[in-house]
Amino acid sequence: MTTRDEADLADFLIVDDFVEPAREALDPKAFAYVSGGAGGELTIADNIAAFTRRRLRPRVLRGFPEVDLRTTMLGREVSFPVALAPTGFNRMAHDEGEVAVTRAAAAAGIVHCCSTFSTRTIEHVGEAADRPWFQLYASYERSVTESLVARAEAAGYQAVAVTVDLPVVGYRDRELRSHVEIPSEFFANMNPDLHGELADVVMHETDQGLSWEDIDRIRAATSMPVVLKGILTAEDARIAVEHGVDGIMVSNHGGRQLDRSIAALDALEEVVEAAGDSCEVYLDGGVRRGVDVVTALALGARAVFVGRPYLYALAVAGEAGVARCIEILREETANALHLMGAATANDLSRDQVIP
Ligand SMILES: Cc1cc2nc3c(=O)[nH]c(=O)nc-3n(C[C@H](O)[C@H](O)[C@H](O)COP(=O)(O)O)c2cc1C
């Protein structure tokens, strides 16, 4: 595992600068796990392409000397509207795992959403963190689901994000070809006897028949706000609102589930419209630059989440790497916002993005 000092990290100027060093630092299976996705990885490519094909209409002479990046997510102030998406098994990337990730997020004043499949326990991460969100993979056993949610609430988590786009694990060519296996000690929150190929273990622990009634049950079991992660259509957004959710994360799981599903950014507007003022809408998938952040905000996202960028940074330099990744995104976002002529995210408007 490479360790890099701060001076060295200053040479990383964009988050993609971490990709090649991460490939060198990780064994090929771990790199396949982090970087890969479903099928021919068309959706992975499309998540990025959806941002790069948009063009922006900057406004000028707005008369503010500096931008204010602060916003709120479910009522909590964050220093800028980027958060860290839940990713499983962070010790595949670095020994410090989720603790490094959550500490970097806390130091930067942003949200970290910790996965059910974290390699440190809910409580361990909760102690190192500042009100993280808990990403829930509902178990086929209701009591297990309820206990996970109760543990997160007791450990001071702010919200629960239920992942709804994994009734089955996507057909992930690269993971399957390289036989990615997860060591049993990496299942910090679950049955200690688990081990084996990733898709098998994930399927063993999750509910393949999750439904809207389960969402009602989860809402009733906790006083934490509930966010649904993995909505891509106005139809489902409307049902989510009817079920009283507090937030919707527009996401295709970083292209790891249904290959050829719509790019996250392309789904954003219809979900924003369907959600209206009923709940907050976030986006993840393909966010790599400050201009991506600003594009999503202009189209109605309250905030965006990033996944792979911080995992590559974690692989390269642990907590310091994640901190540098966040800092790059913050600087780029401030720069892009200012150049769009917006003093705050609220000053951005939809007509500043050409479809
Ligand atoms: C290695 C890896 C593991 C992931 N594990 C989870 C998980 O445990 N739960 C979940 O809801 N999403 C998981 N995701 C999806 C992310 O939360 C997020 O949707 C995705 O990474 C965003 O796309 P991006 O990587 O392009 O930023 C994972 C993504 C990656 C790359």
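The values are calculated or read from the model by the stated rules, or taken from the named source; none is laboratory data. For clarity, every value in this text was computed on a predicted model and none was experimentally measured. Ideal geometry is used to build each Cβ from the backbone, glycine not excepted, and the neighbour counts take in all protein chains shown. The area values use the complete protein model at the heavy-atom level, side chains included, leaving out ligands, DNA and RNA. Shrake-Rupley method; radii C 1.70, N 1.55, O 1.52, S 1.80 Å.
Just a few scattered comments:
- Segment 228-253 - residue that is in contact with a Leu (Cβ under 8 Å, 6 or more places away or on another chain) and among the hydrophobic types (A, V, I, L, M, F, W, C) and, of those, nearest to residue 53 (Cα to Cα): 250
- Among (1) under 15 Å from the mean Cα position of the chain (by Cα); (2) buried (at least 22 other Cβ atoms within 10 Å of the Cβ), the one test that residue 337 misses: (1)
- Segment 233-338 holds strands (runs of 3 or more DSSP E) entirely within its bounds, and those carrying 1 or more residues that are under 20 Å from residue 77 (Cα atoms) and without any contact (Cβ under 8 Å) to a residue 40 or more places away in the chain map to 247-250, 280-284.
- Of the residues making up segment 254-276, not a single one is in contact with a Pro (Cβ under 8 Å, 6 or more places away or on another chain), under 19 Å from residue 52 (Cα atoms) and modelled with pLDDT of 95 or more.
- Residue 142 touching a strand residue (DSSP E or B) at 6+ places or on another chain (Cβ under 9 Å), open to solvent by 10 Å² or more (accessible area, probe 1.4 Å), among the charged types (D, E, K, R) and at negative phi: no
- Complete set of residues in segment 51-60 that are assigned to a loop (DSSP other than H, G, I, E, B) and touching a residue at least 12 places away in the same chain (Cβ under 8 Å): 54, 57, 58, 59, 60
- Listed by position, the helices (runs of 4 or more DSSP H) enclosed by segment 124-232 that each have at least 1 residues that are touching a helix residue (DSSP H, G or I) at 6+ places or on another chain (Cβ under 7 Å) and among the acidic types (Asp, Glu) are 142-154, 173-177.
- Single unsatisfied condition, residue 351 versus (1) open to solvent by 10 Å² or more (accessible area, probe 1.4 Å); (2) in contact with a helix residue (DSSP H, G or I) (Cβ under 7 Å, 6 or more places away or on another chain); (3) more than 21 Å from residue 66 (Cβ to Cβ); (4) of a type outside the set (S, T, N, Q): (2)
- Every residue from segment 233-252 that is surrounded by fewer than 24 Cβ atoms within 10 Å (Cβ to Cβ) and either within 20 Å of residue 168 (Cα to Cα) or modelled with pLDDT under 95 (or both): 233, 236
- Looking only at residues in segment 76-126 that are of a type in the set (Lys, Arg) and within 14 Å of the ligand (Cβ to nearest atom), the one that is nearest to residue 190 (Cα to Cα) is 120.
- Single residue of segment 44-84 satisfying the filter (within 20 Å of the chain's Cα centre (by Cα) and on the phi > 0 side of the Ramachandran plot) that is surrounded by the most Cβ atoms within 10 Å (Cβ to Cβ): 74
- Odd one out for residue 154 among (1) loosely packed, with under 14 Cβ neighbours inside 10 Å; (2) closer than 20 Å to residue 89 by Cβ; (3) not charged (D, E, K, R): (2)
- Filtered residue count, segment 85-123, keeping only those that are outside any strand (DSSP E or B), open to solvent by less than 10 Å² (accessible area, probe 1.4 Å) and either β-branched (Val, Ile, Thr) or touching a Leu at 6+ places or on another chain (Cβ under 7 Å) (or both): 11
- Segment 280-300: number of residues that are more than 13 Å from the ligand (Cβ to nearest atom) and at negative phi: 9
- Criterion: within 16 Å of the ligand (Cβ to nearest atom), open to solvent by 10 Å² or more (accessible area, probe 1.4 Å) and either without any contact (Cβ under 8 Å) to a residue 40 or more places away in the chain or of a type in the set (Gly, Ala, Ser) (or both) - qualifying residue of 200, 214: 200
- Residues in segment 314-355 that are within 24 Å of residue 20 (Cβ to Cβ) and either acidic (Asp, Glu) or modelled with pLDDT under 95 (or both): 319, 327, 331, 332.
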